[in-house]
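Undergrad: Have a look at this one before I ask anything.
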Amino acid sequence: MIPSIETCFRLMDKYEMLKNIRAHSVMVAKVARVIVKGLKDAGLDISDKKTIAGSLLHDIGKTSSLNSGEDHAEIGRQICLQNNLEEIADMVGEHIRLKNYSLNGRYSEKEIVFYADKRVNHDKIVSLEERLAYLIERYGRNQEGLEDAIRMNFDLCKEVEKKLFTPLDFGPESLAPLAANEDIEPGVY
């Protein structure tokens, strides 16, 4: 099942998503919606409902992981499965690191969620470079191997960016002004 926006907000409450994480998730959904609209306008078959739901719930496991230290993407995937949200579980589970991905394959909702998450730092839209610098400072812990893994993931994200924006009539630098016009509220669909 693909949850409505209203259901996503109820799940955020149920799993005690922190206010700042909720604000981040809403902004990720706004970025994702801009990209989905552009891809649909370009004639591509992408589900806006699935992408928005995956964006809103991509960090549903984060509050729990702050206490347990476990992988919040996997916790989120499990939460989705427990709530019969199989259609978005893999998006939530892969929002940090994409699996089974092809740069030449079809466009997918999970690519959009993966990319949109990397463009939002807290609740502000930033460049990939700004987000990378933040993540290295926050999570790199001066460990070369971990920092290299984060950089490699962002190299993939840059490739995803190229793929996503190729059919669009706007560039990555246009996301902030376009997303400012998006409204992610319960009852929208």
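Read the figures in this text as sums done on the coordinates, not as results from a lab. On a predicted model such as this, the values are computed, not experimentally measured, just so you know. Neighbour counts are summed over all protein chains in view; Cβ atoms, including those assigned to glycine, are modelled from backbone coordinates with ideal geometry.
Undergrad: How do the peptides 93-104, 136-147 rank, highest first, by the average count of neighbouring beta carbon atoms within 10 Å per residue?
TA: Taking the mean over residues of other Cβ atoms within 10 Å, the ranking is 93-104, 136-147.
Undergrad: In region 1-100, with Lys and Arg counted as +1 and Asp and Glu as -1 at Cβ, which of these residues, Asn84, Ile96, Phe9, has the Cα nearest the positive end of the dipole, that is, farthest along it?
TA: The residue sitting farthest along the positive end of the dipole is Phe9.
Undergrad: Here is a follow-up. Starting from the Cα gyration tensor of the chain, take the square roots of the eigenvalues, sort them a ≥ b ≥ c, and report rounded, prolate or oblate (rounded when a/c is under 1.5, otherwise prolate if a/b is larger than b/c, else oblate). Walk me through the numbers on the way to the answer.
TA: Details: a/c = 1.41, a/b = 1.02, b/c = 1.38.
Rounded, because the longest to shortest axis ratio a/c is under 1.5.
Undergrad: Follow-up. From the Cα gyration tensor of region 44-152, with a ≥ b ≥ c the square roots of its eigenvalues, which class applies: rounded if a/c is under 1.5, or else prolate if a/b is larger than b/c, or else oblate?
TA: Note, shape of region 44-152 comes out oblate.
Undergrad: How far is the Cα center of region 38-78 from the Cα center of region 130-186, in Å?
TA: 15
Undergrad: Which value at 222 nm does the chain reach when only helices count, each DSSP H run of 4 or more adding -39,500 (n - 2.57), with the total divided by all residues and rounded to the nearest 500 deg cm²/dmol?
TA: -19500 deg cm²/dmol
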